[in-house]
Structures are given as structure tokens and as C-alpha cells.
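One structure is given here, and the rest of the page talks about it.
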Amino acid sequence: MARTPTEEPAMDKSYGLIAAFDTTPALYHACEQVRNAGYTQWDALTPFPVHGLDAAMGVRRSRVPRFSLTGGIIGFATGMSLIWWTDASDYALIVGGKPYFSPMFAFPVSYELAILFTAFATIIGMFLVNRLPMHYHPVQKASQFVRAMDDRFYIVIEANDPKFNVAATRALLEQAGGHDIAELEE
Amino acid sequence: MGAHLADHPAPAILAEVQPASLPRKELVHHGRDFHWITEKICGIVEGPTPTWWWWCFGVAAFVASFTVAGLTYLVGTGVGVWGHANPVNWAWDIVNFVFWIGIGHAGTLISAILCLLRQKWRTSINRASEAMTIFAVACAAIFPVFHVGRIWMAWYLFPIPNSNYIWQNFRSPLEWDVFAVSTYGTVSVLFWYIGLIPDLGTLRDRFFTVGRIWRARIYGFFAMGWRGSNRHWSNYEMAYLILAGISTPLVLSVHTIVSFDFAVSLLPGWHTTIFPPYFVAGAIFSGFGMVMTLMLPLRAIFRLEDLITQYHIDNMCKITLATGTMVGYAYSIEFFIAWYGSNPYEGFAFINRAFGHYAWAYWIMVTCNVITPQFFWFKAVRQNTTLVWCLAIMVNVGMWFERFVIIVTSLARDFLPSSWGYYSPSVVEIFTFFGTFGVFSFLFLLFIRFVPIMPMSEVKAVTAAADPHGPHPH
Amino acid sequence: MSAPAPIAAPRTGTALGIGAAGIALTAVGVFVSGLEKAATSWLIALTFWIGIGIGMLLLVMIHHIFDAGWSTVIRRQYEHALAAFKWLALLFVPLLLLAWLQPGLIWGWMNLATPLHDGHGTVGTDVLYLKKSGFLNRDMFTGCTAAFFGIWIGLSYFFRRNSFSQDGDGDVKWTLSNRKFAAAGLPLTALSLTFAIIFWVKSLEYHWFSTMYGVWFFAGCMRAALSTGVIIMVWLWNRGDYRGILNNNHLHCIGQLMLSFTVFWAYVTFSQYFLIWNANVPEETFWYNLREMNNSDGQPNQWKWVGLTLLFGHFFLPFLLLLWYPLKLSKKWIPRVGAWIIFIFFLDLCYNIMPAFKDHHGDPEPFLQPGLLWTLAATAGIGGVCVWAYLRSFATTKLIPIRDPRIVESLTHHEANAP
């Protein structure tokens, strides 16, 4: 299975440029340069989360917490209303001399449901925001991609970035210390 | 550091800062690089199945068959095949349930609480500990489910409309348990899976590169198309942090609710307000005992000394010591308040525990849980891996006995001497419990064969080379 | 320039002045409202400040036992505050004198002739007291109180000495010594704070018992100490000392701890209440019943509203506020949340202490009463002494532990893994 895009005879459409970096500091400073050059449609590929890279790339704080909070509130409300409806409304029954409904004994279950729903909402939110699952992506065609999941760091600048220009972008990546710069096929 | 403080002049005192040298322990020895870590961890999954694995797998399957046989016999005959009889209607089944679920809690502690506390050393043990959590919860769930007797009616536990129109009793802690344990199981699996995604991506690409397409597809399916994008990492890390954030109150609540099973009752020895945090401390204590029981052999078999260092073992020992001491605090306060409260039944329950028919169990518990961990004060003990492993086993034994003491002694002798009794387990329940160690090992062996046993991405992230600012050894 | 910007003398003097004024005002209270009221106020105020001190001692020990990095710059301020323990011990002496000279005035069990609230007999004929008399007696009380202060003052002395000495010679041995003291000190402090709160507060209603009580006090101490810490940090920032030292990640971390202990406090308090509510055993529920309704007529009393204020004000409000990321970084808001938590910690202590004193119907004394004035005066007075002790210590050493092995890690904490 040949996956080297450079060997392909004709390229349908360019996705962008990929450049490799060997160390985290090199990647970090390169990201700062790309950010300062005003690119917006670009990404860094790393085998592990590099701390501080969000700031170097200018990535905003994640929006996942909003999903979580919504999930938690829905979960808690579900628990309370489920217990109120089943034990105090639909089939009221006195057990152990306790009231039909009290937030006291409804609390443990509502609490668990709040956590359960928060977990689901967080994970669904994370997948939605990241647009995953996405089993095909142009970078996966690059032969060097296997190392992005191992020990190397990459910057990918997309062709649809308004500032993208094959020559200028390649020069920027080279100047930032990137090597093995290659064009990616859509 | 001045460059980062651009908005105000650096104060004069910063010029005087001259720290004494006390380097932090490195978490990965011998300056292993990223690629070495990948090869080491993936190599376990990619390499041929070792012979010892087949042997262990066979033994585990054989032992697990005891549980299968015991449960089959129980379903075919009735719950009477267990040794339960008035007044002890909760015994080994509930003891085993609490025992296994408690073991699970260390996994969540390592993955969630230590994550929130930014304890970087957790990375090399968290994957296996979380796997332990899931398998332990599975073993735990067996017992209450089969204790209901008519197992085919177990769906009555959930609020599903049925032909009787009546609903579950949400005032009962047993119903809370249903929600707590099922939420705990679900969230633990999800948390574990989210942590796995980047590593599955690595395996996908490695299998693809060497042409093992089917494996690449299976791992690839679960990897969700992960490509290490930093924009993804940003959301991923936030999601991971939130999951850690909610798993922490979850793990506390699960054992709290388990403790409510006892504490909301009126039974002497069960009804005491410290039960929730006391059970949680005990759960973490027992879980760390099990983590060490599992990790120390794994470390030796797979030569993981560079990743699970003496520093890791020290830390695990110290947490065991701390939680063991907390459990000791709870034992003492419980005993003291039983006397201070001056309720004769409560007082009797504790005297009976320590000096009654089950005194042997009580003193095994105290010895294993309070005295054993005190050995971990000594560096020489912590550095002797074999000894640490033996002490960890003692912790497991002690925590099983703790639940036995709490549950059985209180039930066997409560208020009315004419209805006192003595409980002994039947062969069936001994076999069923013994078999769960096989079930657990069976699952754990599958885990170490097919899943990367350490989170490669997280281990890489705590090496010196991962720091985008720090000194670079390569 | 080594010394921190010297604190202007009037400030130290002001603190001591407030202290003296508050103490004097409480003394006036003795003549206006009687000795019992004033002594109760003194007990509340002392427990409050001692609680904050214990929390700080615990934070210092937790810092050392975890070999924490980020909190190094904050730890120094806790060390200064620990100087207050010896003064708190001195301020406890009046209560001990009272225990010996006027037994039974505060702790009813100290005098066998104290009548029981239900009107049947006295402490001396109460089987529940006689059973406990091996523990609840004045000798034990005095001896244990002295031992508690001995533990706290001793530990404070060593942590302060080690940390301050390191500023001079930069020797690692001080850090290692601190670690050992922390390991030994944590169990000692856990036991001493548990028995201190049992003796001083829980035994006010000696019929009642709860194994959770020590854990409840621990949670309150930690919350109050963290909140005080955040106020000190922002105060030093506003003064200018901490500019260039304190960064957002410090605030974020301490905010997270405040959030965690808010949840922990709620967990402990809820568990105690819930288990007693659910089991519904009269020998336990009376304690909460008194804090909801009058014994005599069953009408709701003021403590019901105080209890609800605790639920919402001590849990929901700070919980929701602290969940919010920007608030934890706001130098304007986070000290206000801290001040609120400290205030509610005070209220929580009032809730635990004041209803133990009954009127002639056997109903708890109301919350809003003239005597509350003496409580506030005593709190200000003892607080003045504590602040004075802190400021006095502050002026004698470096602003931050400049030679601590983790100091750079703490100063560059903003580069660490922020979420």
C-alpha cells in the first residue's frame, strides 16, 4: 500500500502542507510563528498533548464544559422528577413511614444520574466539537503520519486558509525549522 | 522567568531566589525517548503470545469455572444453597460485593483524583488500574444480582413499567446502589475508553504499516479517526479533566451509597455517621493493595522498571499507609463513640466484634489493615518489592475481613439474644467467591494481551523531553 | 533589598488595638449580659480562629507530605499565621479558669448539680453522663486541651523554624525535616482536632454523639484556611508585594481546592444529617430537632433558617460560584467568596454551639439576640490578636521562601499544565 503522496502522478486537489519537527520546543516556537503570520486554518499533530501549545497556537479555551453542565442539570432534574413521579404521583405508597417525596432520599439517585448524564454529555460534546469519528482525513495519507502517533511533531497548514500560498507557506515552515515538508492530497 | 511577567516589573525579591537542590524523581528512567516508549508498550500487544500467558489464561479460566458452576447450581436450586440463615441474611455475597467494588475504587482514584491533583506519576499505572476497576465492578455486580434469587427478574431493579404497576422504592439504599453501581460501571468504561483513543490510533497506524489490515481496522474503528490534532487535544484534555472531575465525586458517592446500605439501618455497628468517608478510605486502601498486587508482577514480567520506578512504588506504598491510617482512625473513633454514646446495644456490638465469636476475624482485620501498612514507613521495606507484594496481599485479606466483620458480626448478634446465630459459609459460596478471582484474572489477562497496558501518550507527556520550555536531554 | 516592604507600624498597632478593643468589649459583655453569654461568645470566637489556624497547619503539612510545588509561595503566609497559636493558647486560659472556678457554666457536665433540660434530675444522676464520666471530666478536659495546644504550637514552631532557617543557608535538610514532621504531624493533628471539637463543642450537649463530627470540623477548618489564604494572597497583590509572584494558576489551584472542600464539607455534613434523618432514632435526632423547632411548642425557631442558610450559603452559593472558571481568577471576586466562606464557617460554629444553651422552657437560645454582639466583639478581638501575630511574623522574614527547592516551580507555575 503506497501512501506517499509525492509518488502520485497527478494530484486532484491540494489539501495543504505538512512539515515535521523533532522536538517539542521546536514545534512550540514554530507554532508561535505560524500563529503570528496570521494563519487560521492550520493544526499541529502531536503524539501527546503538549502543554502550553494551545496558547502558542492561539486556540481558545475548549467549549466542552458547556455540554457537561447541560448534561448534569438534565440528569439531576431527571432523577428528581422520576422519583417524584413514580413514588409520589403515579403510584403513591407509604414505605417506612417516610414522606411520599423528599429531596433527601431522592438525592442519591439524582446525584448519580447527574454524573451519568454529565459523562455522556461530555463525551458526546467532545466528539461533536472535534468532529469525530472521522475515519478518513488527508493527513493520514502522508507516509510520515505514522510518526505523528509515535515520536514526531507536525504542523499542517490547509490550502483553504486565506493566507495560504504554496511557496510562501513552505518558506514560512522552512524558516520555522520544519523539515520533510510535503504537500497533502485532499 | 521575567519574560512572562511583562505587564509589571519583576519584584526585587526574585533576584534573590536561589533554590536549594532537591531534584524531583524522574518518572521515566534512563532518559527513554518517545519511540522507545511506543515500541515497549505496543510491542506487548504486537508480539507473539507468550507461553506463560497461555498457562495463566488456562488457570484463570479453570478457576473462573468455579463461579460459573456455583452460580449455575444456585440458579437451578435456589438461594438456600448459600449458608445464609436467620439472622444472618447478608453474608459472603454482600461481603464479596463490597470487597470487589472497593478494589475498583483505587483505579478511579488513580485516574481521576490523582489527575486532578496533578500527580504525574499516575500515568504509568492508570491504564491497568482502570482496567482493574472495570473488571472488579463486573465481579462485584455478580453477587447482589444473584442474591436476588430469581435472576431472570433482575430487571425489576430498574424503573421499567411492569404489569404490577408498582414502582421501585426509591427510599431504599439498595435501589440507590443500583443507580450508583451501574453509573459507576458505565462511567468507568467510558473514562477508560476515552483514555484509550490516542493509543488505539497509534496501534492502528502501526498495524497498517506492517500490513495487518484486520487488526488495523478493529483498532482503527475504536480509535475514531484520532490523528493527534492539537485542536482535538485541547477539547480532549478538557473532556478528560471533566471526566476526572466527575469521577471523583462519583467514586466517593458509590462507596458512600454502599455504606448507606448499612448506615441508614438501625442495627448496632451499622448505624454510625462516619461510615461514608470511612468506607471510601477503606475502598481506596484495598484498591491500592490490589493495584500493587497486579502491577508488581507485570513490572517484572514485561521489564517495565524504567516506567514503573521505585518512586512509583514508594508513592503507592505511602498512599496505602495514609489510607490504612485513616481506616485506623475510623476504627478508633467508632469504638470510642460506641462507648461515648452509651447505647448498650452499640457498645455490645463493638465488644462482641473484638472479643466475641468472631474475634478472630476482627483481629485479622486490625492486624492486616492497621498494622500491615505501618511497615511502609520504612524505606527498606518499600524497596523490597517482594515484601511490598506480600504486604499488599495482606491488605487485600484485611479489607475482605473488614467487610465480613462489619456485616456478619452485627447481624449475628443484634438486639435480642434469643435470635442470635452464627454464620458459616457453604461450599457453594466459597467456590463462587474463589471463582471470581478467576473471572477477574481472565479479564485482566485479555486486557494485557490486547490493550496497551500504559497510556503511551500520557507517559510521553511526563518525560523531560515533552516540556516545550524545559531542558532538553536529547 | 531583602526584607519585604516593611509593614507600616500603625497597621500592626491597629490590629493589636482592634484585638484589645474587642476583648475589652467582650469583658463589658460579662457585666451586661452575664458571664455565661460572654463565655459562650468567647468559645465561639476561639473555636473559629483556632479552626482557621488548624486548617493552615494542615495545609502546610499537606504541602510537605505531597512535596507540592505550586503552593510554595503561598505556604510562607500560612507559616506566618501559625505564629498565632501561642496567643490562642493564652486566650483559651480564661475558659479553663472558668471551668475550674465556675464549673457547669458552659459545659454543663462539669458540675454534677447542673439540672437536666428535661427537668428530670441533674447531671450527677444522669446515667448517660455517669457512663461517660471517665472521659468527660475536668481533669481530662484541662489536660487534653493543654496537649492539643502543645501539639499545634510545637508543630508550628518546627515548620516555621525549618522554613525560615532555609532562607538563610539554603540547606535541603530543612525541607526533609519538614517532611518528617508533616508525616508525624498529620495523624497527631487529626486526632487532636477531633478530640478538641468533641471536648469543646460536642460535649456541650453530651447526650448527642456522631462519629462524623471530627471530619466535619476538619472540613470547616480547611475551607476557612483556604479562604483566608486567598484573601491574604490578593491583599499582598493589591499592596504590590505579590506582583510578579502570584499568577493566575496559583489562584486557579487554590480556587479548585476551595471548590473541592466545599464539596467535601457538603458531603460530610449531608451524610451526618442524612443518616440521622433516615434512621430517625430519638437519641440522635433531638440535636437536629432543636435546631429546627422549639422543644416546648414545636414551632419553627430561628435555627431552622440558620440551617437553611448553611445549606444554601455554605454549599450551593460557593459551589456554583467556584465552578465558574473566570471567577477563580478574579482578584476582585475570589476574596469576596473567601470572605463569605469564612463568615459562614463562623455561622456554622454558631449553629453548633449556641443552641446548646437553653432558656427555661428548654428551647434553644435564639440566634439573633443581644448576646450575638459579644460574639462579634470576641471574634474581632481574638482576630485582632491573630492578625497582629501574623503581621509581626511577616515583617521578620522574606516574602517568599527564596531557597525552597520548589520555589522556582511555584514561580513559573503559570507555564505548567493549565487546563
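Under the rule of at least 5 residues apart or a separate chain, name every residue whose amide H is placed under 5 Å from the amide H of C:Thr122.
The answer is C:Leu116.
Through the Karplus equation 6.51 cos²θ - 1.76 cosθ + 1.60, θ set to phi - 60°, convert the phi angles of segment C:235-244 into ³J(HN,Hα) values in whole Hz; use x for Gly and Pro.
Per-residue couplings from phi come out as 4, 5, 5, 5, 5, x, 4, 8, 5, x Hz.
Any idea what the relative contact order of chain B is, in percent, if you count C-alpha pairs under 8 Å spaced at least 6 apart? Present the calculation step by step, with values, prior to reporting the outcome.
Working: 596 pairs, mean separation 143.7, N = 474.
In percent, rounded to a whole number, it is 30.
Provide, for q = 0.10, 0.16, 0.17 Å⁻¹, the log10 of I(q)/I(0) from a solvent-free Debye sum over equal Cα point scatterers in segment B:147-273.
-0.56, -0.91, -0.95
Summing Lys, Arg as +1 and Asp, Glu as -1, what charge do residues with Cβ under 11 Å from the Cβ of A:Ala37 carry, A:Ala37 excluded? Write down the numbers at each step before the final one.
On the way: positive: A:Arg35, A:Lys163; negative: A:Glu32, A:Asp161.
Net local charge, A:Ala37 excluded: 0.
Would you mind checking the radius of gyration and Dmax of segment C:106-183 based on alpha-carbon positions, in Å?
21.9, 66
Let me check the size of segment C:138-190 from its C-alpha atoms; what are the radius of gyration and Dmax in Å?
Radius of gyration, then largest Cα-Cα span, for segment C:138-190: 13.8, 46 Å.
Between C:Gly13, B:Ser182, B:Phe222, whose Cα lies farthest towards the positive end of the dipole of the protein assembly as shown when Lys and Arg beta carbons carry +1 and Asp and Glu beta carbons carry -1, centred on the Cα centre?
Selected residue: C:Gly13.
Please compute the net charge surrounding B:Met316, taking Lys and Arg as +1 and Asp and Glu as -1 over other residues with Cβ under 13 Å from its Cβ. Mind showing how you got there, number by number?
Details: positive: B:Arg122, B:Arg299, B:Lys318, B:Arg382; negative: B:Asp314.
Counting the neighbours of B:Met316, the net charge comes to +3.
Please compute the modelled spin-label separation between B:Phe378 and C:His361, points set 7 Å along Cα→Cβ, answer in nm with one decimal.
With each label placed 7 Å out from Cα toward Cβ, I get 6.5 nm.
Divide the volume of the convex hull of the Cα atoms of segment A:91-171 by its number of residues and quote the answer in cubic angstrom per residue. If you can, show how the numbers build up before the last one.
Working: hull volume 17.9 nm³, N = 81.
Per residue, the Cα convex hull of segment A:91-171 comes to 220 Å³.
Whole-Å semi-axes of segment B:196-259's equivalent ellipsoid, largest first, each the root of 5 times a Cα gyration tensor eigenvalue? Numbers along the way, then the final one.
Working: eigenvalues 216, 51, 8 Å².
The answer is 33, 16, 6 Å, longest axis first.
Obtain the nm distance between the two label points defined at C:Ala21 and B:Ile301 by a simple spin-label model: each point lies 7 Å from its Cα along the Cα-to-C-beta direction.
7.3
Expressed as a rounded percentage, what relative contact order does chain C have, with Cα pairs under 8 Å and six or more residues apart? Provide the component values of the computation, followed by the final result.
Working: 564 pairs, mean separation 145.1, N = 419.
About 35 percent, as a whole number.
Give the whole-number value, in cubic angstrom per residue, of the convex hull volume spanned by the C-alpha atoms of segment A:64-129.
Details: hull volume 4.4 nm³, N = 66.
Output value, Cα hull per residue: 67 Å³.
If you take the Cα atoms of chain A, find Rg, then find the Kirkwood Rh from the mean of 1/r over all pairs, what is Rg/Rh? Don't skip to the answer; put the middle values down first.
Values: Rg = 25.1 Å, Rh = 20.0 Å.
Taking Rg over the Kirkwood Rh, I get 1.25.
Quick one: net charge of B:Leu157's neighbours, Cβ under 11 Å, K/R +1, D/E -1?
Values: positive: none; negative: B:Glu175, B:Asp177.
Spelling it out: positives minus negatives among the neighbours equals -2.
Please state, to two decimals, what the Cα-based radius of gyration of segment B:351-474 comes to when divided by 2.2 N^0.38 Å (N = residues).
Working: Rg = 22.4 Å, N = 124, 2.2 N^0.38 = 13.7 Å.
This ratio for segment B:351-474 stands at 1.63.
Which value, in Å³ per residue, describes the convex hull spanned by the Cα atoms of segment C:273-419? Could you put the intermediate results ahead of the total?
On the way: hull volume 28.5 nm³, N = 147.
Looking at segment C:273-419, the number lands at 194 Å³ per residue.
To the nearest Å, what is the center-to-center distance of segment A:56-83 and segment C:335-385, using C-alpha atoms only?
38
Over segment B:4-76, one equal point on each Cα, no solvent: what is log10 I(q)/I(0) by the Debye formula at q = 0.13, 0.21, 0.22 Å⁻¹?
With one equal scatterer per Cα and no solvent, log10 I(q)/I(0) is -0.77, -0.99, -1.01.
Once all Cα-Cα distances of the protein assembly as shown are split into 20 Å bins that start at 0, what whole-number percent is in each one?
Taking every Cα pair in the protein assembly as shown, the percentages come to 11, 40, 36, 12, 1, 0.
Ratio of Rg to Rh for chain C, alpha carbon only, Kirkwood?
Working: Rg = 21.9 Å, Rh = 22.4 Å.
Computed over Cα atoms, the ratio is 0.98.
Short version: ³J(HN,Hα) in whole Hz for each residue of segment B:115-125, in order, from phi by Karplus 6.51 cos²θ - 1.76 cosθ + 1.60 (θ = phi - 60°), x for Gly and Pro, what are they?
Coupling constants for segment B:115-125: 5, 5, 7, 6, 8, 5, 5, 5, 4, 7, 10 Hz.
Which FRET efficiency value, to the nearest 0.05, is calculated for C:Arg392 and C:Thr142 with the Förster distance at 25 angstrom and r the Cβ-Cβ distance? Don't skip to the end; give the middle numbers.
Details: r = 29 Å, r/R0 = 1.15.
Given R0 = 25 Å and the Cβ-Cβ separation, E is 0.30.
For segment B:138-148, what does the Karplus curve 6.51 cos²θ - 1.76 cosθ + 1.60, with θ = phi - 60°, yield as ³J(HN,Hα) per residue in whole Hz, taken in order and with x for Gly and Pro?
Working through the residues one at a time gives 4, 5, 5, 5, 3, 5, x, 5, 7, 5, 5 Hz.
Modelling each spin label as a point 7 Å along the Cα-to-Cβ direction, I'd like the B:Ile393/B:Ala69 distance in nm, to one decimal.
2.4
Can you give the FRET efficiency for B:Ser426 and C:Leu191, using 1/(1 + (r/R0)^6), R0 = 60 Å, r = Cβ-Cβ distance, to the nearest 0.05?
Values: r = 42 Å, r/R0 = 0.71.
Efficiency for this residue pair is about 0.90.
Pick from C:Thr47, C:Thr285, C:Thr26 the residue whose mean-square fluctuation is largest in a GNM of chain C, springs joining Cα atoms under 10 Å.
Of C:Thr47, C:Thr285, C:Thr26, the Gaussian network model singles out C:Thr285 as fluctuating most.
C:Met293's amide H: which non-local residues (gap 5+, or another chain) put their own amide H closer than 5 Å, with H modeled 1.01 Å from N in plane and none for Pro or chain starts?
C:Asn301
Any idea what the dipole of segment C:1-111 comes to, in debye rounded to 20, about its Cα centre with Lys/Arg Cβ at +1 and Asp/Glu Cβ at -1?
Values: 5 positive and 3 negative charges, 34 e Å.
Charge dipole of segment C:1-111: 160 debye, to the nearest 20.
Could you give me the radius of gyration and the Dmax of segment C:183-245, taking only the C-alpha atoms into account and expressing both in angstrom?
That works out to 16.9, 54 Å for Rg and Dmax.
Would you please calculate the Kirkwood hydrodynamic radius of chain B over all C-alpha pairs and express it in Å, rounded to one decimal?
Details: mean 1/r = 0.0410 Å⁻¹.
By the Kirkwood definition, the hydrodynamic radius is 24.4 Å.
Per Stokes-Einstein, at 37 °C and 0.692 mPa s, what whole-number D in µm² s⁻¹ belongs to segment C:1-111, with the Kirkwood radius over Cα pairs as the hydrodynamic radius?
Working: Rh = 16.7 Å.
Rounded to a whole number, D works out at 197 µm²/s.
Assign one of three labels to segment B:311-377, namely rounded, prolate or oblate, based on the Cα gyration tensor with a ≥ b ≥ c the square roots of its eigenvalues; rounded applies when a/c is under 1.5, prolate when it is not and a/b is larger than b/c, and oblate otherwise.
It is oblate, given that a/c is not under 1.5 and a/b is not larger than b/c.
Looking at segment B:363-410, what % of the alpha carbon pairs are farther apart than 16 Å?
40
Tell me, how many Å apart are the Cα centres for segment C:235-292 and for segment C:112-184?
Using only Cα atoms, the two centres lie 22 Å from each other.
Throughout, read-outs are computed from the coordinates displayed, never taken from laboratory work. Keep in mind that this is a model prediction, so the values were computed, not measured. FYI the Cβ positions are ideal-geometry reconstructions off the backbone, even for glycines, and counts take in every protein chain you see.
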